[in-house]
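Notes for the one structure printed next.
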Amino acid sequence: MKGLDLLFVAVQILGLLTALSVVVLSLVWFERKILGRIQRRMGPMRVGFHGVLQPVADAVKLILKEDVVPGLADKAVFWVAPLLVFAPSFIIWITIPLARDVVIRNMPMGLLFIIAVSVLGIVGLILAGWSSANKYAILGGLRSAAQLVSYEIPVIMAVVAVAMLAQSMDLVAIAQAQRAIPYAVLQPLGLAIFLTAGIAEVGRTPFDIYFAESEIVGGPFVEYSGAHWAVFFLAEYINTFAIGALVAVLYLGGWVFPLMPDIWWLGFLWVVAKTYLVVFVMFWFRGTFPRLRVDQLMSFSWKLLIPLSFLNIGITAVYLFYGLPKWSLTALSLVVTFAVGYGIYRQFMWPAKATAAERLARARAYRRTEVPDAR
């Protein structure tokens, strides 16, 4: 009986790995098409219908490409580091439900398990930079540690606020608790914090600091090529899809829909649609916002997101302790969210407005000093 159980688990894990690989290929095509439309171009068009087979061609190219190892590198650590980055991104999918019954192993403490395991990817990034015997790779590894540790705090605090509302850390129970009102309505501030910090955790634009090509040549991956670089690439897109799925389950109600019958495949399609919608927003951010400087990145976390995450917990605690109406929690979260958003807009737009005002003043001064017409 134990042999059959192990075989069943192995089949589940193999099916999950295959499904995530297909998802990664779809996300690569989806992202390139979205960025192409934002930049007023077509995106991939040549390989397959509208370039749908272009990610497959890229994957084959990476697999067949030669793996080059630096002569001074610690070869054992150099080979293991990509697996240490990929393994946590894959393991967390064991307990992420895509419908009420579509999950490999639902855990009563599943939310805690996801947070605990996802942090382990930082070790792989540090080892990848250290083992490469390259100063730029080491600098990228240290940057990745500083960034991911900093942005892990607001992610954890946002998740704690969700667990306070649901009175559970079971992801299935959290989704079922949103049958009346999604937590995105009750906690828009928490949703903004989790999504922003999640994008930074994945390391996507505008938070792609630790492998910024214009500054440190490629970060901890600079010495990697071929299949081993593809493993880092695979882990990044799996984490991107995981952030989208967690937003769908924690804040958008998961598979719960008021008028939808409780059928597993309808719930599965509903969760996948929500996940791709969140991923679309993440890709939209990449095509819209410029990359932050490293000092701006760290200040954004420690001076803004972390205090806001504690404030979000405080608001939720007051709401639960005093038994306030639900609209009060929504109103407080919206007030804080719009106030902070307006402050960020003013801060980032101030240099552009100051430059425009200076140019206007110079133009007016030039007109006043201009020599009058002789006529």
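The values are calculated or read from the model by the stated rules, or taken from the named source; none is laboratory data. Nothing here was measured: the structure is a model prediction, and the numbers come from that model. In this analysis, Cβ positions are derived from the backbone assuming ideal geometry, glycine residues included, and neighbour counts consider all displayed protein chains.
Taken as a whole, the structure places Pro44 among residues that are in contact with a helix residue (DSSP H, G or I) (Cβ under 6 Å, 6 or more places away or on another chain), more than 25 Å from Phe268 (Cα to Cα) and not aromatic (Phe, Trp, Tyr). Go through segment 293-338 and give me each residue that's closer than 19 Å to Pro154 by Cβ, surrounded by 16 or more Cβ atoms within 10 Å (Cβ to Cβ) and polar (S, T, N, Q). Scanning segment 293-338 gives Ser301, Ser309, Asn312, Thr316, Ser333, Thr337. One residue alone among Phe268, Phe211 is at pLDDT below 95, of a type in the set (Phe, Trp, Tyr) and either outside the structural domain of Pro97 (by TED's automatic domain parsing) or touching a helix residue (DSSP H, G or I) at 6+ places or on another chain (Cβ under 6 Å) (or both), and that residue is Phe211. For Asp101, are the conditions met, namely being farther than 24 Å from Ile153 by Cα, assigned to a helix (DSSP H, G or I), acidic (Asp, Glu) and more than 18 Å from the chain's Cα centre (by Cα)? Considered against the rule, which asks whether it is farther than 24 Å from Ile153 by Cα, assigned to a helix (DSSP H, G or I), acidic (Asp, Glu) and more than 18 Å from the chain's Cα centre (by Cα), Asp101 comes out as no.
Of all the residues in segment 38-63, those that are part of a helix (DSSP H, G or I) and surrounded by 12 or more Cβ atoms within 10 Å (Cβ to Cβ) number 10. The residue list Leu125, Leu112 contains one member that is within 20 Å of the chain's Cα centre (by Cα) and surrounded by fewer than 18 Cβ atoms within 10 Å (Cβ to Cβ), which is Leu112.
For segment 228-273, a tally of residues being of a type in the set (Ser, Thr, Tyr) and closer than 17 Å to Ile92 by Cα returns 2. There is no residue in segment 175-184 that is on the phi > 0 side of the Ramachandran plot and either without any contact (Cβ under 8 Å) to a residue 60 or more places away in the chain or assigned to a helix (DSSP H, G or I) (or both). Only a single item in (1) surrounded by fewer than 18 Cβ atoms within 10 Å (Cβ to Cβ); (2) under 27 Å from Val149 (Cα atoms) is not met by Leu269, and it is number (2). The set of residues in segment 1-34 that are aliphatic (A, V, I, L, M), surrounded by 11 or more Cβ atoms within 10 Å (Cβ to Cβ) and farther than 17 Å from Phe241 by Cα comprises Val9, Ile13. When the criteria are applied in full, Ala200 meets the requirement of being small (Gly, Ala, Ser) and either outside any helix (DSSP H, G or I) or farther than 19 Å from Ile313 by Cα (or both).
Residue-by-condition table, conditions (1) free of Cβ contacts under 8 Å to residues at least 40 places away in the same chain; (2) of a type in the set (Gly, Ala, Ser); (3) assigned to a helix (DSSP H, G or I); (4) under 21 Å from Ile114 (Cα atoms):
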{"residue": "Ile238", "(1), (2), (3), (4)": "no, no, yes, yes"}
{"residue": "Ile243", "(1), (2), (3), (4)": "no, no, yes, yes"}
{"residue": "Val279", "(1), (2), (3), (4)": "no, no, yes, yes"}
{"residue": "Met282", "(1), (2), (3), (4)": "no, no, yes, yes"}
{"residue": "Leu292", "(1), (2), (3), (4)": "no, no, no, no"}
{"residue": "Ile306", "(1), (2), (3), (4)": "no, no, yes, yes"}
{"residue": "Ile315", "(1), (2), (3), (4)": "no, no, yes, no"}
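Please verify whether segment 155-167 includes one or more residues that are in the same structural domain as Gly203 (by TED's automatic domain parsing), farther than 15 Å from Ser309 by Cβ and at pLDDT 90 or above. It would help to see each step written out before you state the result.
Initially, segment 155-167 is screened for residues in the same structural domain as Gly203 (by TED's automatic domain parsing), giving 155-167.
With farther than 15 Å from Ser309 by Cβ added as a condition, the list becomes 166-167.
When the remaining residues are screened for being at pLDDT 90 or above, the result is 166-167.
Yes, that holds for at least one residue.
Could you go through segment 150-158 and let me know if any residue there is part of a helix (DSSP H, G or I), without any contact (Cβ under 8 Å) to a residue 40 or more places away in the chain and surrounded by fewer than 18 Cβ atoms within 10 Å (Cβ to Cβ).
Taking segment 150-158 as the starting set, the residues that turn out to be part of a helix (DSSP H, G or I) are 150-158.
Retained after the next criterion (residues that are without any contact (Cβ under 8 Å) to a residue 40 or more places away in the chain): none.
No, segment 150-158 contains no residue that is part of a helix (DSSP H, G or I), without any contact (Cβ under 8 Å) to a residue 40 or more places away in the chain and surrounded by fewer than 18 Cβ atoms within 10 Å (Cβ to Cβ).
Annotation note: Cβ proximity below 8 Å between a residue of segment 76-102 that is more than 17 Å from Ala242 (Cβ to Cβ) and in contact (Cβ under 8 Å) with a residue 12 or more places away in the chain and a residue that is in a helix (DSSP H, G or I) and hydroxyl-bearing (Ser, Thr, Tyr) (sequence gap 6+ or interchain) occurs for Val77/Ser131; Phe78/Ser131; Ala81/Ser131.
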